[in-house]
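The values are calculated or read from the model by the stated rules, or taken from the named source; none is laboratory data. Since we're looking at a predicted model, the values are computed, not measured. For neighbour counting, all protein chains shown are included, and Cβ atoms are generated from backbone atoms with ideal geometry for every residue, glycine included.
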Amino acid sequence: MIEEPPILTLRRNFPRPTQAQVDAFKGVQTGFVVDAMKGRGALDGTIKPCSNDQAVFCGVAVTAHAGPADIIGPFSAIEISGPGDIVVVATDGYQATAVAGDRMLGIAKNRGVEGFVTDGYVRDVTGILDVGVPCFCTGITPNSPAANGPATVGQRITLGGATVNAGDIIIGDRDGVVVVPFATIDQVIADLKVVCELEKELDTKVLEGLKTPGFIKELFESDRVKMID
């Protein structure tokens, strides 16, 4: 017989990036961050902001895995969160009830939380928008959750096709949500500087009238193109 799990398994102490590391990603487009990670790192596109006007955030992940219809997980993640944190809640895609609402997001805001991300549903959207904490989810339903567990907090979770660990850096904007693993933060920051410089150069060329990117010009002039009438 399988042993009954505890209502909550909590990991409070996990490695955290420095404020300087977090600041290196603030104001940077998620697409640039992905480019600095070799083209990957974003959560599935089904995880969308409740409002495009409240879609920008950057901070440290505090993770939770919530059982079906459970709010023990997200509330406990909020309990150990602080200013600048992003609460990330995996629900295994559960859609029968919401996993968060405006009261929860209001409490999160009171603790300084700057974003909420889940692969589940939320409710009370009007109230969530009034709270003003960017909230990403896969859908909306008025159905109520319950405080029944089981849940984990501060441990590795999977949502939106990606793995998230507490202490990873999370960036969000209208394009989606990107995860920068804790172990690779410094390398991504270094690569991000190069990406941003290249993007700035390309922006200038486009504004100056660029009509053909260099790689397309080289391709057309190579022997790798078969021309047909």
Checklist outcome for this item: Going through segment 142-158 in order, the residues found to be surrounded by 14 or more Cβ atoms within 10 Å (Cβ to Cβ) and out of contact with any Gly (no Cβ under 8 Å at 6 or more places or on another chain) are Pro145, Gly154, Gln155, Arg156, Ile157
Checklist outcome for this item: Within segment 84-112, restricting to residues that are in a helix (DSSP H, G or I) and not basic (Lys, Arg), the one that is nearest to Ala55 (Cα to Cα) is Leu105
Next on the checklist: Return the residues of segment 1-27 that are among the acidic types (Asp, Glu) and modelled with pLDDT of 95 or more; say none if nothing qualifies.
Outcome noted: Asp23
